[in-house]
Amino acid sequence: MHKNIEEIKKLEGSPKIIKNLFNKNELERFLKLYQDLPTTVHNKKQNVIKKRWLKNYSSELESLFYNKVKNEIGEFKMDNLKDENNDDILGLFQESYNPIGLHVDAGFNLDEIIFKQTLIPLTSKGSTVVFKNKFYGNSTNFTIDENELKITDLKYGQNIRSSEHLNLYKKKPFNKENHQKYLKHERIENLEGLEIDIVYEWEMGSMLIFDRTRLHCSSSLIDGKKIGLTTFTKK
Ligand SMILES: [Fe+2]
C-alpha cells in the first residue's frame, strides 16, 4: 500500500477531457517523435509495440507538453522510470491492435505521492474506460487468468498480476450492457464490483487526465491499430 494515502486522496478528482489542446502540427511532431524513437518492446503475441519517450529527443515537445499539462493540473513532477543508461523516460508510446486489459498505473515506489496520468491519442479511433474504483498499491494488472497470475518473476517496470480487486469493492455483478458494449475482451467475472466512470472516445488534439489510483482499460472497440502516449506524474 502507498504510504501517503491521505495526501494522494486529497489530490484526487474526476477524470478530465481537454479538447483541442494540441493542433495538427503539434500532433504531427508527436508522431514524428514516435517514429524516431527506438522500439523497446514488441510483444508479438499481444501485438503491441511500445516505445519509451526518451529525454532529449525533442526538448521543444518536452516543454510544450509540460506547460500544457501544468496549465491543467498545476505543479507536478514527471514520475519517470529510468532506462538502462539511467536516463529519464518521460512516457510511453503504445501501438496496439488489441485492447489493453484492466490495470492501474500507480507506480513502483510506495513512498511517492502519485498524482495524475495523461493520455494523448495519436490516432483517432479508440476509447479508454476509466472506472470509479481506486487502488492504492503498486502498478498492477487485474486478472483472473491463472496463467497470468503465475507470472511473479517481474522485471523493473513490470506490473504485478493480481485478482485482489475482486475482494476490494462491493461484490456486485458488472453491468451486462456495458460489458457487451465496451468490455467484451474482459471476462465479466473479472469486472465484478466495478463501475464505469467515463468512456473516453479518442479524439485527435484532445487529452485525458485522470488519477493514477483509478482502474482503467481499453474498450473493446478497436478499428485497426491505435497509438497513444501515456505519461505519469507525481507531486
Ligand atoms: Fe494505463
What's the percent breakdown of Cα-Cα distances in the range 52-167 across 5 Å bins, shortest bin first?
2, 8, 16, 20, 22, 18, 9, 4, 1, 0
For the chain, take the convex hull of the Cα atoms, compute a quarter of its surface area, and give me that in nm², please.
12.4 nm²
For the range 1-32 and the range 185-212, what is the centre-to-centre distance using only Cα atoms, to the nearest Å?
14 Å
Treating each Cα of the range 8-120 as an identical point scatterer and ignoring solvent, apply the Debye formula and state log10 I(q)/I(0) at q = 0.13, 0.14, 0.19, 0.22 Å⁻¹.
-0.60, -0.70, -1.33, -1.61
Where does helix 24-36 land angle-wise versus the long Cα axis of the chain, in degrees 0 to 90, nearest 10?
80 degrees
Reachable aspartates and glutamates from Lys19, Cα under 19 Å, same-chain residues fewer than 8 places away excluded?
Glu28, Glu72, Asp197, Glu201, Glu203, Asp211
How long, wide and thick is the range 147-235, going by the Cα atoms along their three principal axes, in whole angstroms, largest first?
38, 38, 31
Approximate spin-label separation Asn167-Thr152, in nm, with each point projected 7 Å along Cα-to-Cβ
1.5 nm
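None of the figures in this text is laboratory data; all of them are computed from the coordinates on show. Quick caveat, the model's predicted, so the values are computed rather than measured. Glycine also receives a Cβ, built like all others from the backbone with ideal geometry; neighbour counts cover every protein chain displayed.
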